Amino acid sequence: MILITGATGHFGRATIDFLLKKNIPPNNIVGMVRHIEKAGDLKTKGISLRVGDYDDYSGLLSAFKGIDRLLLISGSDIMNRSKQQENAVKAAKEAGVKHIIYTSFVRKNETETSPLAMLGKAHIETEKNIKASGLTYTILLDNLYADILPMFMGEKVLETGIFLPAGDGKASFATRLDMAEAAANILTSEGHENKEYILSNDTNYSFNDVATLLSEISGKQVPYISPSTEVFTETLSKAGVPMEAIAMTVGFCEAINQGEFFTTKSDLGYLLGRKPTSIKEYLKSVYLNK
Ligand SMILES: NC(=O)c1ccc[n+]([C@@H]2O[C@H](COP(=O)([O-])OP(=O)(O)OC[C@H]3O[C@@H](n4cnc5c(N)ncnc54)[C@H](OP(=O)(O)O)[C@@H]3O)[C@@H](O)[C@H]2O)c1
């Protein structure tokens, strides 16, 4: 029996769909959800549902009973997810889960000097907890989702150009769908015990490269401007963007600029049995009909 946490989120839903495509019977798949009313589509597909919240240890323990393979999808509550995911790992161990797969993140700088120190803390601690638990594990070191590009660049990027303080830094963005497919493949095959996989694309891209791709796709000249952090912050706050969102974007852009997501090794193609979706293909799917 396979359980996917965060089953009503993007990664969880996509992983479940890939499991179904691989003809895993829906009654062998359990989706753990916080709000059952958000899971109507999963129920229609025949997926078993269990309610669980990373904050509620005893609920997690019940949800994880009888589960062989557990995909623990990292939570979205940045301030509290360290403790939440510690609960999940402990509950998995106590419930007798045989194999835990965790969606972590790829990084180089694990110190407080990292622009993503706060965001990365829970991932680093969860990896440590998993390894200390004695559970059989697979750690997915996810690069940045390509799916965050439209979020960061803005809806009108083809008209406005890219305005982000990421300098010439490059990242090996890969699609969330590819990462979910890789997770589904791991959940349904052998040989992934106590392994760490880097889920990156084959090529690293700067925002200048992304601007070039957008220009090719749209036939418009899409420029990339990399302002200083100060100018970026001032410009966006004047445009009414909340400070929290600006700070998060700045953190990611600084990390990209420092090469945190530049990778020369990736296991994604190996796990998929094909080349990962290129960023040009991904951007075409988003922008070609705009
Ligand atoms: N690599 C990257 O670029 C990148 C980018 C964004 C996020 N991430 C990480 O990857 C994760 C999965 O991505 P995604 O796109 O699927 O995010 P998402 O759509 O926001 O899904 C997050 C899932 O986590 C669940 N969740 C949050 N807090 C929980 C709790 N306390 N107990 C149980 N479940 C909880 C949510 O439940 P509800 O459905 O009830 O809200 C949701 O299903 C994110 O949560 C984040 O940690 C990575």
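The numbers here are math on the coordinates, done by the rules we state, and not lab data. Not measured: the values here are computed from a predicted model. As a convention, Cβ positions derive from the backbone with ideal geometry for all residues, glycine included, and neighbour counts pool all protein chains shown.
Remarks
- For the chain, Kirkwood radius (reciprocal of mean inverse C-alpha pair distance, Å): 19.9 Å
- With each label modelled as a point 7 angstrom along the Cα→C-beta vector, the VAL51-LYS238 pair spans 4.9 nm.
- Between MET248 and LEU288, the FRET efficiency estimated from the beta carbon spacing at R0 = 41 angstrom works out to 0.90.
- Under the combined filter of DSSP loop state and at most 10 neighbouring Cβ atoms within 10 Å, the stretch 101-142 retains these GluC sites (Glu not before Pro): GLU112.
- Here the contact order of the stretch 2-142, divided by its residue count and restricted to Cα pairs under 8 Å and six or more residues apart, works out to 21 percent.
- Within the stretch 117-200, the trypsin sites (Lys or Arg not before Pro) that combine a DSSP coil assignment with at most 14 other C-beta atoms in a 10 angstrom radius are LYS156.
- A cut-off under 9 angstrom between Cβ atoms defines the neighbours of LEU272, and their net charge, with Lys, Arg +1 and Asp, Glu -1, is 0.
- Label-point gap, in nm, between MET151 and THR44 - each point 7 angstrom along Cα→Cβ: 2.5 nm
- Quarter of Cα convex hull surface for the stretch 23-117, i.e. mean projection, nm²: 7.5 nm²
- Under a Gaussian network description of the chain, with springs only between Cα atoms under 10 Å, the residue in ASP209, ASP17, ASP41 that fluctuates furthest is ASP41.
- Between helix 207-218 and the chain: long-axis angle, C-alpha atoms, 0 to 90°, nearest 10: 80 degrees
- In a simple Cβ point-charge model (Lys, Arg +1; Asp, Glu -1; nothing else charged), the stretch 145-240 has a dipole of about 320 debye relative to its Cα centre.
- Among ILE24, SER76, ASN87 - extreme Cα towards positive end, dipole of the chain, charges at beta-carbon: ILE24
- Amide proton proximity set for TYR224, modelled H, under 5 Å, gap of 5+: ILE162
- When each of LYS38/LYS156; LYS83/LYS280; LYS22/LYS195; LYS45/LYS280 is checked by Cα-Cα distance, pairs over 27 Å: LYS38/LYS156; LYS83/LYS280; LYS45/LYS280
- Over the chain, relative contact order from alpha-carbon pairs under 8 Å, at least 6 apart, %: 18 percent
- Crossing angle, helix 176-187 versus the chain [Cα axis fit, 0-90 degrees, rounded to tens]: 20 degrees
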